[in-house]
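Q: Below is one structure. I have some questions about it.
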Amino acid sequence: TSTTQDFKVADLSLAAFGRKEIQLAEHEMPGLMSIREEFAAQQPLAGARVTGSLHMTVQTAVLIETLVALGAQVRWASCNIFSTQDHAAAAIAVGPEGTPESPQGVPVFAWKGETLEEYWWCTEQALTWPGAETGGPNMILDDGGDATLLVHKGVEYEKAGVVPDPATEAESDEHRVILEVLTRTVADTPQKWTQLASEIRGVTEETTTGVHRLYEMHTAGSLLFPAINVNDAVTKSKFDNKYGCRHSLIDGINRATDVLIGGKTAVIFGYGDVGKGCAESLRAQGARVIITEIDPICALQAAMDGYQVTTLDEVVETADIFVTTTGNKDIIMAKDMARMKHQAIVGNIGHFDNEIDMAGLAAIDGIVKDEVKPQVHTWTFPGGKKLIVLSEGRLLNLGNATGHPSFVMSNSFANQTIAQIELFTKPEEYPTDVYVLPKHLDEKVARLHLDALGVKLTELRPEQAAYIGVPVEGPYKPDHYRY
Ligand code: NAI
């Protein structure tokens, strides 16, 4: 790892490979590329200092360079310890004009296989702007809310005048690491986080779990700046979460294990947007897919889509593949894993690593963990039974594969870019609250992706538009429509 410059990545010599894949991705990301064209002259993000915390993949590289093309300065970290594609990170650090010997790109702090300490250090680096008056960003682009969390925790403890003691008051390993970062930063620069937060115009949040955190903070009255919920743009959650996972779930399972999926029994926990895509991909491979749900509506959907819906208890001893997609905690516990069959595959595609009880698994008397290859481990129980656990319980589509492909991320990231422009250029229109983008922008993002797929849209005639009560140019649906 190189440390001499204002970035930290695994290997700068991977930059040329990264650049080639970025160029291929650009063609597959018509949404981002047409936004670049549309706003090239206007430079709406001039003066923006964007801190990004989002999986540092090839697709994210195209997002970063789009923000830069619109005038922003950017600092970046990944939002997961396993999700960085090192060649993409190298290409971003080097930049289109630079070389590994003379990097000229964007300060990026990300590599595949960070420790928790390194992860939170990287997040802190992305939030620290040398030379900026407040020392921080004026915009956050988040995925899962970790950058937003660090700022909010910092402000909370500065207000209280004390950071909880990492040694005695931490609730988990990760919480201890966060408290250590805050203890150090608050000692170095008193009021660092309060000052930094005061200039942040807003955050745009990518995923279900991060959005959930934002609404909680807003309800509690602790949200410090406005937020746009990008996840609930239709062209995000109904596409990325569903079709993205339909692609990248089996990609992860295949690269990790190369096990034949056809004929196997697979259990998907949760039939939300992610679960729907995951179930479809496994069924398409010939697996017999079983769903678990707590929500009667989603359970009924799964049943009508033709899946068996039952409880883990019923199938834990017979299924071959288990994938959690709930965004909830404690879905597969150690006692469940103890009942699974030999070489059952266990993985998670939800945002955080608390869906599978990894700590409980590690605590089983006599259990032995062995690395098959990075992000693929067997856990051998005292009797000799082995389980295959993917990405140590972290999101396997990014840990074991490369996440979602470019075309679907072009939709998500077009929403991200539009949301950044909205919050940065119209702060007076967004008092502190959590917003979703207006439907006409959602429809715009979809429109930007039609040509590439050869879609010919039917044009509404004025009398028809009047008959159904919508403008000819849209929006075509009321806000309560669910797609
Ligand atoms: P969602 O809310 O649409 O779906 C989650 C489903 O899980 C809901 O239907 C809920 O009823 C169900 N559920 C909750 N607790 C359960 C339990 N104990 N047992 C069974 N089912 C349960 O959320 P969405 O959009 O599908 O996202 C799920 C997770 O995936 C989130 O953490 C999100 O941030 C993450 N995500 C990950 C992506 C990736 O690439 N790995 C992409 C998009 C989202």
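The values are calculated or read from the model by the stated rules, or taken from the named source; none is laboratory data. Just so it is clear, the model here is predicted, and its values are computed rather than measured. Every residue, glycine as well, gets a Cβ built from its backbone with ideal geometry; the counts of neighbours run over all protein chains shown. Accessible surface is based on the protein model in full, side chains and every heavy atom, while ligands, DNA and RNA are left aside. Shrake-Rupley method; radii C 1.70, N 1.55, O 1.52, S 1.80 Å.
Q: Once you keep just the Cα pairs under 8 angstrom separated by 6 or more residues, what percentage relative contact order results for region 321-405?
A: 31 percent
Q: Here's a follow-up. Accessible area of the chain with a 1.4 Å probe: how many percent of it is carbon plus sulfur?
A: Numbers: 10920 of 20690 Å².
About 53 percent, which is the carbon plus sulfur part of the accessible surface.
Q: With a Förster radius of 56 Å, plug the Cβ-Cβ distance of TYR476 and LYS329 into 1/(1 + (r/R0)^6) and report the FRET value to the nearest 0.05.
A: 0.90
Q: What does the accessible area per residue of the chain come to in Å², with a 1.4 Å probe and no ligands, DNA or RNA counted?
A: Details: 20690 Å² over 483 residues.
For the chain, the solvent-accessible area averages 43 Å² per residue.
Q: Now for a different question. Measure up LYS264/LYS369; LYS264/LYS335; LYS112/LYS426 against 27 Å on the Cα-Cα distance and list the ones that go over.
A: Result: LYS112/LYS426 exceed 27 Å.
Q: Take every DSSP beta bridge whose two residues both sit in the chain, then give the antiparallel share in percent to the nearest 5. Kindly include the intermediate steps, with their values, before the conclusion.
A: Values: 10 of 51 bridges.
Bridges in the chain that DSSP calls antiparallel: roughly 20 percent.
Q: Another question, then. Would you pull out the residues with amide H under 5 Å of GLY47's amide H, same chain only if 5 or more places away, H placed 1.01 Å from N?
A: Those lying under 5 Å, H to H, from GLY47 are GLN73.
Q: Return the long-range amide H neighbours of GLY52 (sequence gap of 5 or more, or a different chain), with a cut-off of under 5 Å between placed amide H atoms.
A: ARG75, TRP76, ALA77, LEU141
Q: Tell me, what is the percent relative contact order of the chain, built from C-alpha pairs under 8 Å that lie six or more residues apart?
A: Answer for the chain is 15 percent.
Q: Report, in whole Å, the centroid distance computed from the Cα atoms of region 459-483 and region 315-347.
A: 45 Å
Q: For GLY202, list long-range residues whose amide hydrogen, built 1.01 Å from N in the peptide plane, is under 5 Å from its own amide hydrogen.
A: For GLY202, whose amide H was placed from the backbone, the distant partners under 5 Å are ILE140.
Q: Note down the relative contact order for region 364-408 as a percent, whole number, built from C-alpha pairs under 8 angstrom at least six residues apart.
A: Relative CO of region 364-408 lands at 26 percent.
Q: Still on this structure: Apply the Karplus curve 6.51 cos²θ - 1.76 cosθ + 1.60, θ = phi - 60°, to the phi angles in region 398-406 and return the couplings in whole Hz, x for Gly and Pro.
A: 9, x, 9, 10, 10, x, 6, x, 4
Q: Whats the longest run of the chain with zero GluC sites (Glu not before Pro) that are DSSP loop and have at most 15 other Cβ atoms within 10 Å? Walk me through the numbers before you get to the answer.
A: Numbers: sites that count: GLU97, GLU101, GLU133, GLU171, GLU317, GLU459, GLU473.
Counting at most 15 other Cβ atoms within 10 Å as exposed, the longest clean stretch of the chain is 172-316.
Q: Right, something else. Whole-Hz ³J(HN,Hα) for each residue in region 102-115, computed from phi via Karplus 6.51 cos²θ - 1.76 cosθ + 1.60 with θ = phi - 60°, x for glycine and proline: what do you get?
A: Values, residue by residue: 9, x, 9, x, 9, x, 10, 10, 6, 8, 6, x, 7, 7 Hz.
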